[in-house]
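The structure under discussion appears below in the form of C-alpha coordinates.
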Amino acid sequence: MRALNHIMVTGGAGFIGANFIRYLFKKTDFAGKVVNLDKLTYAGNPENMTDIVEEWGGKRYFFEKADICDFEAVAAILKKHEIDTLVHFAAESHVDRSIYGPGEFVRTNIQGTFTLLEAVRAFWKDRNDVLFHNVSTDEVYGSLGDEGFFFEDTPYDPRSPYSASKASSDHLVMAYWHTYGLPVTLSNCSNNYGPYQFPEKLIPLMILNIKEEKPLPVYGDGRNIRDWLFVDDHNGAVWAILKGGHLGETYNVGGENEWENILLVNTLCEKMAGVLGKDPEACKRLITYVKDRPGHDRRYAINCDKIKRELGWRQTVNFDQGLDATIAWYLANTAWIEHVRSGAYRQWMDKNYGAR
(Lines give C-alpha, C1' and ligand atoms only; values in the text may rest on other atoms or scores of the structure.)
Protein backbone atom coordinates (compact mmCIF):
# COMPACT_ATOMS: atom_id res chain seq x y z
CA MET A 1 0.00 0.00 0.00
CA ARG A 2 1.49 3.34 -1.04
CA ALA A 3 1.92 6.00 1.58
CA LEU A 4 1.02 9.06 -0.55
CA ASN A 5 1.25 11.29 2.51
CA HIS A 6 4.17 13.60 1.77
CA ILE A 7 4.53 14.34 -1.94
CA MET A 8 7.46 16.26 -3.39
CA VAL A 9 6.85 17.84 -6.78
CA THR A 10 9.96 18.90 -8.67
CA GLY A 11 9.43 21.83 -11.01
CA GLY A 12 6.24 22.73 -9.17
CA ALA A 13 6.52 26.41 -10.07
CA GLY A 14 6.39 25.60 -13.79
CA PHE A 15 3.38 25.18 -16.05
CA ILE A 16 2.39 21.54 -15.56
CA GLY A 17 3.85 21.19 -12.07
CA ALA A 18 1.94 24.18 -10.70
CA ASN A 19 -1.26 22.93 -12.25
CA PHE A 20 -0.60 19.48 -10.76
CA ILE A 21 -0.25 20.89 -7.24
CA ARG A 22 -3.43 22.88 -7.73
CA TYR A 23 -5.13 19.74 -9.04
CA LEU A 24 -4.05 17.76 -5.96
CA PHE A 25 -5.48 20.29 -3.53
CA LYS A 26 -8.65 21.18 -5.39
CA LYS A 27 -9.71 18.14 -7.42
CA THR A 28 -8.64 15.02 -5.51
CA ASP A 29 -9.12 13.42 -2.10
CA PHE A 30 -5.45 13.87 -1.28
CA ALA A 31 -5.14 14.91 2.38
CA GLY A 32 -1.38 15.07 2.85
CA LYS A 33 1.45 17.54 2.39
CA VAL A 34 2.99 18.85 -0.84
CA VAL A 35 6.56 20.11 -1.09
CA ASN A 36 7.35 22.13 -4.19
CA LEU A 37 11.04 21.91 -5.12
CA ASP A 38 11.95 24.40 -7.83
CA LYS A 39 15.11 26.25 -8.83
CA LEU A 40 13.01 29.13 -10.24
CA THR A 41 14.65 29.38 -13.63
CA TYR A 42 13.05 31.50 -16.37
CA ALA A 43 9.92 29.30 -16.63
CA GLY A 44 9.45 28.80 -12.88
CA ASN A 45 7.26 31.51 -11.44
CA PRO A 46 6.18 31.75 -7.76
CA GLU A 47 3.13 33.71 -8.93
CA ASN A 48 1.84 30.45 -10.40
CA MET A 49 1.19 29.32 -6.82
CA THR A 50 -0.27 32.46 -5.22
CA ASP A 51 -3.69 30.95 -4.50
CA ILE A 52 -2.12 27.75 -3.14
CA VAL A 53 0.17 29.69 -0.77
CA GLU A 54 -2.75 31.78 0.50
CA GLU A 55 -4.88 28.75 1.35
CA TRP A 56 -2.40 26.01 2.27
CA GLY A 57 1.00 27.67 2.72
CA GLY A 58 2.80 26.54 5.88
CA LYS A 59 0.09 23.98 6.60
CA ARG A 60 -0.03 21.51 3.73
CA TYR A 61 2.03 23.35 1.10
CA PHE A 62 5.76 24.11 1.43
CA PHE A 63 8.18 25.64 -1.06
CA GLU A 64 11.86 24.73 -1.24
CA LYS A 65 14.12 26.59 -3.67
CA ALA A 66 16.80 24.14 -4.77
CA ASP A 67 18.58 22.70 -7.79
CA ILE A 68 17.70 19.08 -8.58
CA CYS A 69 21.39 18.56 -9.45
CA ASP A 70 22.41 19.40 -5.86
CA PHE A 71 22.47 16.04 -4.06
CA GLU A 72 22.99 17.47 -0.57
CA ALA A 73 20.12 19.93 -0.91
CA VAL A 74 17.74 17.30 -2.28
CA ALA A 75 18.72 14.79 0.42
CA ALA A 76 18.11 17.36 3.16
CA ILE A 77 14.67 18.25 1.80
CA LEU A 78 13.64 14.59 1.52
CA LYS A 79 14.58 14.06 5.17
CA LYS A 80 13.12 17.35 6.45
CA HIS A 81 9.69 16.67 4.95
CA GLU A 82 9.72 12.85 5.24
CA ILE A 83 8.93 12.52 1.53
CA ASP A 84 7.33 9.23 0.49
CA THR A 85 6.33 10.15 -3.08
CA LEU A 86 8.30 12.11 -5.66
CA VAL A 87 6.68 13.40 -8.85
CA HIS A 88 9.38 14.58 -11.21
CA PHE A 89 8.24 17.36 -13.55
CA ALA A 90 11.38 19.52 -13.41
CA ALA A 91 13.01 19.77 -16.83
CA GLU A 92 14.27 22.08 -19.49
CA SER A 93 11.48 21.58 -21.98
CA HIS A 94 11.57 23.90 -24.98
CA VAL A 95 12.88 22.26 -28.15
CA ASP A 96 14.11 25.52 -29.67
CA ARG A 97 16.12 26.31 -26.57
CA SER A 98 17.71 22.86 -26.69
CA ILE A 99 18.89 23.52 -30.22
CA TYR A 100 20.58 26.79 -29.22
CA GLY A 101 21.90 25.58 -25.87
CA PRO A 102 21.88 21.79 -25.38
CA GLY A 103 24.26 21.79 -22.41
CA GLU A 104 21.67 22.93 -19.88
CA PHE A 105 19.28 20.23 -21.10
CA VAL A 106 21.89 17.54 -20.52
CA ARG A 107 22.63 18.91 -17.06
CA THR A 108 19.06 19.38 -15.84
CA ASN A 109 17.26 16.53 -17.57
CA ILE A 110 19.92 13.83 -17.23
CA GLN A 111 22.15 14.81 -14.32
CA GLY A 112 19.17 16.17 -12.40
CA THR A 113 17.18 12.96 -12.76
CA PHE A 114 20.23 10.91 -11.75
CA THR A 115 20.70 13.06 -8.64
CA LEU A 116 17.07 12.67 -7.61
CA LEU A 117 17.21 8.90 -8.11
CA GLU A 118 20.34 8.62 -6.01
CA ALA A 119 18.88 10.82 -3.28
CA VAL A 120 15.63 8.88 -2.93
CA ARG A 121 17.46 5.54 -3.12
CA ALA A 122 19.64 6.58 -0.20
CA PHE A 123 16.73 8.00 1.80
CA TRP A 124 14.09 5.33 1.17
CA LYS A 125 16.50 2.40 1.37
CA ASP A 126 14.38 -0.77 1.04
CA ARG A 127 10.93 0.75 1.55
CA ASN A 128 8.27 -0.55 -0.82
CA ASP A 129 5.44 1.87 0.09
CA VAL A 130 7.15 4.77 -1.71
CA LEU A 131 7.13 5.90 -5.36
CA PHE A 132 9.26 7.86 -7.82
CA HIS A 133 7.09 8.94 -10.77
CA ASN A 134 8.86 10.37 -13.81
CA VAL A 135 6.87 12.66 -16.12
CA SER A 136 8.12 12.46 -19.69
CA THR A 137 7.07 13.29 -23.23
CA ASP A 138 5.92 11.62 -26.42
CA GLU A 139 8.85 13.31 -28.19
CA VAL A 140 11.17 10.52 -27.03
CA TYR A 141 9.49 8.25 -29.59
CA GLY A 142 10.58 10.36 -32.56
CA SER A 143 8.38 11.12 -35.55
CA LEU A 144 5.38 9.30 -36.99
CA GLY A 145 4.26 9.11 -40.60
CA ASP A 146 0.71 9.76 -41.73
CA GLU A 147 -0.61 6.72 -39.87
CA GLY A 148 0.02 4.83 -36.64
CA PHE A 149 0.43 5.73 -32.98
CA PHE A 150 3.00 5.71 -30.22
CA PHE A 151 2.53 2.79 -27.82
CA GLU A 152 4.33 2.16 -24.54
CA ASP A 153 6.62 -0.34 -26.28
CA THR A 154 7.44 1.91 -29.25
CA PRO A 155 11.25 2.10 -29.53
CA TYR A 156 12.75 5.43 -28.53
CA ASP A 157 14.02 7.54 -31.44
CA PRO A 158 14.62 11.11 -30.17
CA ARG A 159 15.46 13.79 -32.75
CA SER A 160 16.35 16.90 -30.71
CA PRO A 161 18.68 17.56 -27.75
CA TYR A 162 15.55 18.05 -25.64
CA SER A 163 13.95 14.72 -26.52
CA ALA A 164 17.29 12.92 -26.30
CA SER A 165 17.81 14.26 -22.77
CA LYS A 166 14.30 13.17 -21.77
CA ALA A 167 14.87 9.73 -23.28
CA SER A 168 18.06 9.44 -21.24
CA SER A 169 16.14 10.45 -18.12
CA ASP A 170 13.52 7.77 -18.79
CA HIS A 171 16.18 5.10 -19.28
CA LEU A 172 17.82 6.03 -15.98
CA VAL A 173 14.51 5.77 -14.14
CA MET A 174 13.76 2.32 -15.54
CA ALA A 175 17.34 1.20 -14.90
CA TYR A 176 16.92 2.04 -11.22
CA TRP A 177 13.80 -0.14 -11.17
CA HIS A 178 15.54 -3.10 -12.79
CA THR A 179 18.90 -2.71 -11.05
CA TYR A 180 17.99 -1.53 -7.56
CA GLY A 181 14.29 -2.33 -7.27
CA LEU A 182 13.48 1.35 -6.72
CA PRO A 183 9.68 1.72 -6.92
CA VAL A 184 9.09 3.77 -10.08
CA THR A 185 6.43 4.55 -12.65
CA LEU A 186 6.76 6.61 -15.83
CA SER A 187 4.37 8.50 -18.09
CA ASN A 188 4.83 9.91 -21.59
CA CYS A 189 2.32 12.61 -22.46
CA SER A 190 1.36 14.53 -25.56
CA ASN A 191 1.42 18.34 -25.91
CA ASN A 192 -0.16 20.06 -22.91
CA TYR A 193 -1.96 23.39 -23.00
CA GLY A 194 -3.86 25.51 -20.48
CA PRO A 195 -3.36 28.27 -17.87
CA TYR A 196 0.11 29.31 -16.67
CA GLN A 197 1.96 27.99 -19.73
CA PHE A 198 5.06 30.01 -20.54
CA PRO A 199 4.43 32.27 -23.58
CA GLU A 200 7.15 30.69 -25.74
CA LYS A 201 4.85 27.70 -26.39
CA LEU A 202 2.61 27.60 -29.45
CA ILE A 203 -0.87 28.23 -28.04
CA PRO A 204 -0.10 31.08 -25.60
CA LEU A 205 2.33 32.63 -28.09
CA MET A 206 -0.36 32.77 -30.75
CA ILE A 207 -3.01 34.07 -28.34
CA LEU A 208 -0.80 36.93 -27.22
CA ASN A 209 0.52 37.77 -30.70
CA ILE A 210 -3.01 37.89 -32.10
CA LYS A 211 -4.05 40.19 -29.27
CA GLU A 212 -1.03 42.44 -29.90
CA GLU A 213 -1.32 42.19 -33.71
CA LYS A 214 2.17 40.75 -34.05
CA PRO A 215 3.30 38.19 -36.63
CA LEU A 216 2.23 34.59 -36.03
CA PRO A 217 5.35 32.51 -36.83
CA VAL A 218 4.59 29.04 -38.23
CA TYR A 219 7.43 26.63 -38.93
CA GLY A 220 7.88 25.16 -42.40
CA ASP A 221 4.62 24.41 -44.21
CA GLY A 222 2.58 24.33 -40.99
CA ARG A 223 1.53 20.74 -41.58
CA ASN A 224 3.29 19.26 -38.55
CA ILE A 225 0.76 17.43 -36.36
CA ARG A 226 0.53 17.41 -32.58
CA ASP A 227 -1.81 15.64 -30.17
CA TRP A 228 -3.17 18.23 -27.70
CA LEU A 229 -4.10 17.47 -24.09
CA PHE A 230 -5.59 19.86 -21.53
CA VAL A 231 -3.26 20.16 -18.54
CA ASP A 232 -5.85 19.08 -15.96
CA ASP A 233 -6.50 15.89 -17.91
CA HIS A 234 -2.78 15.16 -17.89
CA ASN A 235 -2.61 15.76 -14.16
CA GLY A 236 -5.61 13.51 -13.61
CA ALA A 237 -3.63 10.78 -15.34
CA VAL A 238 -0.59 11.38 -13.11
CA TRP A 239 -2.79 11.17 -10.02
CA ALA A 240 -4.32 7.91 -11.27
CA ILE A 241 -0.81 6.48 -11.76
CA LEU A 242 0.28 7.57 -8.27
CA LYS A 243 -2.69 5.77 -6.77
CA GLY A 244 -2.79 2.63 -8.86
CA GLY A 245 -0.03 2.45 -11.46
CA HIS A 246 1.94 -0.79 -11.56
CA LEU A 247 5.58 -0.52 -10.55
CA GLY A 248 8.09 -0.50 -13.38
CA GLU A 249 5.39 0.35 -15.92
CA THR A 250 5.09 3.14 -18.48
CA TYR A 251 1.76 4.80 -19.26
CA ASN A 252 1.12 6.89 -22.37
CA VAL A 253 -1.19 9.87 -21.82
CA GLY A 254 -2.69 11.51 -24.89
CA GLY A 255 -5.45 13.85 -25.90
CA GLU A 256 -6.49 11.72 -28.90
CA ASN A 257 -6.81 15.13 -30.48
CA GLU A 258 -4.53 15.62 -33.50
CA TRP A 259 -4.20 19.00 -35.16
CA GLU A 260 -1.99 20.37 -37.90
CA ASN A 261 -0.21 23.45 -36.58
CA ILE A 262 -1.58 25.70 -39.31
CA LEU A 263 -5.17 24.58 -38.68
CA LEU A 264 -4.74 25.22 -34.98
CA VAL A 265 -3.37 28.71 -35.62
CA ASN A 266 -6.28 29.49 -37.94
CA THR A 267 -8.73 28.26 -35.29
CA LEU A 268 -7.09 30.47 -32.67
CA CYS A 269 -7.40 33.42 -35.06
CA GLU A 270 -11.12 32.78 -35.42
CA LYS A 271 -11.69 32.34 -31.70
CA MET A 272 -9.62 35.38 -30.74
CA ALA A 273 -11.32 37.52 -33.39
CA GLY A 274 -14.68 36.59 -31.91
CA VAL A 275 -13.61 37.46 -28.38
CA LEU A 276 -11.88 40.72 -29.33
CA GLY A 277 -14.37 41.85 -31.97
CA LYS A 278 -11.79 41.71 -34.76
CA ASP A 279 -11.89 40.53 -38.35
CA PRO A 280 -10.72 36.89 -38.36
CA GLU A 281 -9.21 37.30 -41.84
CA ALA A 282 -7.13 40.22 -40.61
CA CYS A 283 -5.84 37.99 -37.82
CA LYS A 284 -4.98 35.24 -40.30
CA ARG A 285 -3.00 37.69 -42.39
CA LEU A 286 -0.58 37.89 -39.46
CA ILE A 287 0.49 34.30 -40.14
CA THR A 288 4.14 34.24 -41.21
CA TYR A 289 5.80 31.06 -42.44
CA VAL A 290 9.37 30.82 -41.14
CA LYS A 291 12.27 28.47 -41.81
CA ASP A 292 11.62 25.06 -40.28
CA ARG A 293 13.64 24.16 -37.21
CA PRO A 294 16.23 21.38 -37.46
CA GLY A 295 14.99 17.88 -36.68
CA HIS A 296 11.34 18.99 -36.58
CA ASP A 297 9.23 15.85 -36.00
CA ARG A 298 6.36 15.59 -38.45
CA ARG A 299 3.64 13.97 -36.37
CA TYR A 300 2.99 12.80 -32.83
CA ALA A 301 0.00 10.68 -31.87
CA ILE A 302 -0.48 8.78 -28.60
CA ASN A 303 -2.33 5.55 -28.04
CA CYS A 304 -3.50 5.68 -24.41
CA ASP A 305 -5.57 2.49 -24.24
CA LYS A 306 -3.35 1.08 -21.47
CA ILE A 307 -4.04 3.80 -18.90
CA LYS A 308 -7.73 3.75 -19.77
CA ARG A 309 -7.94 0.00 -19.42
CA GLU A 310 -5.79 -0.43 -16.30
CA LEU A 311 -6.49 2.74 -14.33
CA GLY A 312 -9.85 3.97 -15.66
CA TRP A 313 -8.51 7.35 -16.76
CA ARG A 314 -10.35 9.38 -19.41
CA GLN A 315 -10.01 12.84 -20.92
CA THR A 316 -12.68 15.20 -19.58
CA VAL A 317 -12.06 18.47 -21.46
CA ASN A 318 -12.69 18.62 -25.21
CA PHE A 319 -10.45 20.86 -27.31
CA ASP A 320 -13.08 23.51 -28.01
CA GLN A 321 -13.79 23.96 -24.30
CA GLY A 322 -10.10 23.84 -23.43
CA LEU A 323 -9.12 26.49 -25.97
CA ASP A 324 -11.92 28.80 -24.84
CA ALA A 325 -10.84 28.45 -21.19
CA THR A 326 -7.18 28.99 -22.09
CA ILE A 327 -7.92 32.10 -24.16
CA ALA A 328 -10.05 33.53 -21.35
CA TRP A 329 -7.27 32.92 -18.81
CA TYR A 330 -4.56 34.65 -20.86
CA LEU A 331 -6.76 37.62 -21.61
CA ALA A 332 -7.61 37.98 -17.91
CA ASN A 333 -4.05 37.67 -16.57
CA THR A 334 -2.10 40.46 -18.21
CA ALA A 335 -0.01 41.24 -15.10
CA TRP A 336 1.24 37.63 -14.97
CA ILE A 337 2.07 37.74 -18.68
CA GLU A 338 4.04 40.97 -18.43
CA HIS A 339 6.04 39.60 -15.52
CA VAL A 340 7.10 36.36 -17.22
CA ARG A 341 7.86 38.10 -20.50
CA SER A 342 10.37 40.45 -18.88
CA GLY A 343 14.02 39.97 -18.01
CA ALA A 344 15.75 36.78 -19.11
CA TYR A 345 12.89 35.64 -21.30
CA ARG A 346 12.82 38.84 -23.31
CA GLN A 347 16.60 38.91 -23.68
CA TRP A 348 16.63 35.35 -25.00
CA MET A 349 13.79 35.97 -27.44
CA ASP A 350 15.40 39.16 -28.70
CA LYS A 351 18.73 37.42 -29.18
CA ASN A 352 17.43 34.32 -30.96
CA TYR A 353 14.27 35.51 -32.66
CA GLY A 354 14.64 39.27 -32.99
CA ALA A 355 11.43 41.10 -33.81
CA ARG A 356 9.79 37.89 -34.98
Ala344 fails exactly one of the following numbered conditions: (1) at pLDDT below 95; (2) buried (at least 16 other Cβ atoms within 10 Å of the Cβ); (3) of a type in the set (Gly, Ala, Ser). What is the number of that condition?
(2)
Exclusive hit being charged (D, E, K, R), modelled with pLDDT of 95 or more, farther than 16 Å from Gly194 by Cβ and in contact with a Ser or Thr (Cβ under 8 Å, 6 or more places away or on another chain), set Glu260, Glu249, Glu270
Glu249
Return the pairs, sorted by first residue and then second, in which the second residue is buried (at least 19 other Cβ atoms within 10 Å of the Cβ) and of a type in the set (Gly, Ala, Ser), the first residue lies in region 111-123 and is over 10 Å from Asp70 (Cα atoms) and in contact (Cβ under 8 Å) with a residue 40 or more places away in the chain, the beta carbons are less than 7 Å apart, and the residues are 6+ apart or on different chains.
Thr113/Ser169
Failed item in (1) touching a Ser or Thr at 6+ places or on another chain (Cβ under 7 Å); (2) loosely packed, with under 15 Cβ neighbours inside 10 Å; (3) not charged (D, E, K, R), with Phe71 passing the rest
(2)
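Considering Asp84, Asp138, Asp96, which residue is surrounded by fewer than 23 Cβ atoms within 10 Å (Cβ to Cβ), among the acidic types (Asp, Glu) and within 19 Å of the chain's Cα centre (by Cα)? First the steps, then the outcome.
Details: Asp84 fails: within 19 Å of the chain's Cα centre (by Cα); Asp138 fails: surrounded by fewer than 23 Cβ atoms within 10 Å (Cβ to Cβ).
Residue meeting the stated conditions: Asp96.
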Mind telling me which of the residues Leu117, Leu205 ends up being within 19 Å of the chain's Cα centre (by Cα) and either part of a helix (DSSP H, G or I) or buried (at least 17 other Cβ atoms within 10 Å of the Cβ) (or both)?
Leu205
Only one of (1) within 22 Å of Tyr23 (Cα to Cα); (2) crowded, with 22+ Cβ neighbours inside 10 Å; (3) of a type outside the set (D, E, K, R) fails for Phe198. Which number is that?
(2)
Residue list for region 163-202, restricted to those being more than 12 Å from the chain's Cα centre (by Cα), of a type in the set (Phe, Trp, Tyr) and farther than 23 Å from Cys304 by Cα:
Tyr176, Tyr180
Would region 290-310 turn up any residue that is touching a residue at least 60 places away in the same chain (Cβ under 8 Å) and more than 27 Å from Gly148 (Cβ to Cβ)?
yes
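The values are calculated or read from the model by the stated rules, or taken from the named source; none is laboratory data. Given the structure is predicted, the values throughout are model-derived calculations rather than measurements. All Cβ positions, glycine included, derive from the backbone under ideal geometry; neighbour counts span all protein chains shown.
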